[in-house]
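Notes follow once the structure below has been shown.
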Amino acid sequence: MKCVTVYTNEFEKFSDIFEQVLESDIPENEDTEVEGVTVGLVTDIPEEYIEQMRVKPEVVVMRDKKRNITILQHGKIFEIFIPSV
C-alpha cells in the first residue's frame with residue numbers, strides 16, 4: 001500500500017488538488033509541490049497503520065469506494081492510502 005501525504009489542513013484546498021495529486025508522478029520519499037501545497041509519497045505502509053489511526057478520535061476517515069482509497073485527516077495533513085497493484 002502506498003501513502004500520499006498532503007500537507008494542508010484546509011479541506012477545500014485538499015479537494016481542489018485531490019485528483020491532480022492522484023494523477024501526479026510523485027517521487028518516492030521526496031516532497032514535491034502541487035499548486036503550492038507540499039505532497040510526499042511513501043510506498044511501504046503496513047495495513048495496520050490505517051486501523052490504528054482510524055480509532056483515534058482526532059482522525060477523520062473518508063473513503064472512495066470506487067477506487068478503494070482511504071483518506072485520513074489529522075493535524076495539518078491528509079493521508080491518501082492507495083492499494084498497490
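The values are calculated or read from the model by the stated rules, or taken from the named source; none is laboratory data. None of these values were measured; they are calculated from a predicted model. Cβ coordinates were reconstructed from backbone atoms using ideal geometry, including for glycine residues, and neighbour counts include every protein chain displayed. In case anyone asks, the SASA skips ligands and DNA or RNA and just uses the protein heavy atoms, side chains included. Shrake-Rupley method; radii C 1.70, N 1.55, O 1.52, S 1.80 Å.
Worth pointing out:
- Hey, Val55 at negative phi and touching a strand residue (DSSP E or B) at 6+ places or on another chain (Cβ under 9 Å) or not: no
- Answer from Glu12, Glu30 - the residue that is among the acidic types (Asp, Glu) and at pLDDT 95 or above: Glu12
- Scanning region 1-34 for residues that are in a loop (DSSP other than H, G, I, E, B), open to solvent by 60 Å² or more (accessible area, probe 1.4 Å) and of a type outside the set (S, T, N, Q) gives Tyr7, Glu10, Asp25, Glu30.
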